[in-house]
1. Strictly greater than 38 Å: what percent of every Cα pair in the chain meets that?
2. Quick check: pseudo-label points 7 Å beyond the Cα along Cα→Cβ at His291 and Leu38, how many nm apart are they?
3. Could you list the GluC sites (Glu not before Pro) in segment 1-73 that lie in coil according to DSSP, counting only those with at most 14 other Cβ atoms within 10 Å of their Cβ?
4. Nearest 500 deg cm²/dmol is fine: what mean residue ellipticity at 222 nm does the chain get from its DSSP H runs of n ≥ 4 alone, each adding -39,500 (n - 2.57), divided by its residue count?
5. Take the alpha carbon gyration tensor of segment 106-207, find the square roots of its eigenvalues, order them as a ≥ b ≥ c, and report rounded if a/c is under 1.5; if not, report prolate when a/b exceeds b/c, else oblate.
6. Dipole of the chain (Lys/Arg Cβ +1, Asp/Glu Cβ -1, origin at the Cα centre): which of Phe98, Ala43, His196 lies farthest to the positive side?
7. Determine the relative contact order of segment 167-291: mean sequence separation of Cα pairs under 8 Å and six or more apart, normalised by residue count, in whole percent.
8. Compute a Gaussian network model of the chain, connecting alpha carbons closer than 10 Å, and tell me which residue from Met148, Met137, Met123 fluctuates the most.
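The values are calculated or read from the model by the stated rules, or taken from the named source; none is laboratory data. Please read these numbers as outputs of a predicted model, since none were measured by experiment. Don't worry about glycine lacking a Cβ; one is built from the backbone with ideal geometry, like all the others, and counts go over all protein chains shown. We work out accessible area using only protein heavy atoms, side chains counted, and drop any ligands, DNA or RNA first. Shrake-Rupley method; radii C 1.70, N 1.55, O 1.52, S 1.80 Å.
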Amino acid sequence: MKTIRWGILATGKIAHKFAQGLQTLEGAVIQAIGSRNLPQAQAFASQYQIPNIHASYEALAADPEVDAIYVATPHPWHRDNTLLCLENGKHVLCEKPFAVNTHEAEVMVAKAREKNCFLMEAMWTRFMPANVQLRQMLRDGIIGDIQMLTADFGFFSEFDPASRIYNPGLAGGALLDVGIYPISYAYMLFGEDPVHMSSTASICATGVDEQSAYLFGYANGALARLSSSVSLETSREAVIHGTKGYIRVPLFWKASELHVTVNGSEEKIYSYPYPSTGLQFQAQEVMNCIHGGKTESDIMPLDETLRIMRCLDTIRSQWGMKYPME
């Protein structure tokens, strides 16, 4: 198959992790790096042996030697960066959360469909080998019918009003930064919107949520109890409860193990180790789709991304929380 030539837009921490993962994939090459800071672009290129160096995002998007671009900027810039790449006919993998709100996401999806370019939210969790196997186990009915999901994602970040985490001008707060993980996990497992959605949040001095919790109810009676925090370390695990048992997924967003208990029997641990950072699996999905002539992924489809964005908007509306750019 034809090699996919990648460009990386921005040089932050997540861009480094993506580059490291991408280097493990056959048929992938990092062709170009783009940054608004030339020395940063040069340093990134030197570290990963990248031939094309661009001192602007516009130059990266226009690079004729690039097939697909990974947008690695913070989410307030996802819409504009993604639209820039799509306008130049590039396929795009955009970091999560996909956008600040549903309207931005709808504009991005419409442009991808207009340009007939591939676009996907970079929810790397879905493509981890353990979570791929988890979905198969659930399809096989290992624990019966799913009745409840509990999942949390929290970490401690020192309060800094200017930081990306706490600054409302940067669409800060726990919900969009890490709440997206358990919420997207619920959408992956249940495959539908909840019919009931309630939430609560602890709003910090800057006006964003430092911790928040979400309760979803589904048409069949199933429940999801989810939470996130940027001021507390939490267990960061998911537990899927079924009518025949349960599956515990430690560090579910980057899972490498499944702990399965069926009908009260002794817990069995299934291990799915992976090399590098784990971000390569979502890149492989992008490449598979491009080679197959597809403009979106069946595993992380655009319509589902839009449903998740509407969910995030609904939750924030329950708190009356809006960002300055909205």
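1. Working: 6978 of 52975 pairs.
The share of Cα pairs beyond 38 Å in the chain comes to 13 percent.
2. Going by the 7 Å Cα→Cβ label model, 3.8 nm.
3. Working: sites: Glu26, Glu58, Glu65; in loops: Glu26, Glu65.
Sparse-neighbourhood loop GluC sites (Glu not before Pro): Glu26, Glu65.
4. Working: 9 runs with 103 residues, N = 326.
Using -39500 (n - 2.57) per qualifying helix, the result is -9500 deg cm²/dmol.
5. Values: a/c = 2.08, a/b = 1.31, b/c = 1.58.
The shape class here is oblate.
6. Going by the Cα projections, it comes out as Ala43.
7. Values: 178 pairs, mean separation 19.7, N = 125.
This gives 16 percent for segment 167-291.
8. Met137
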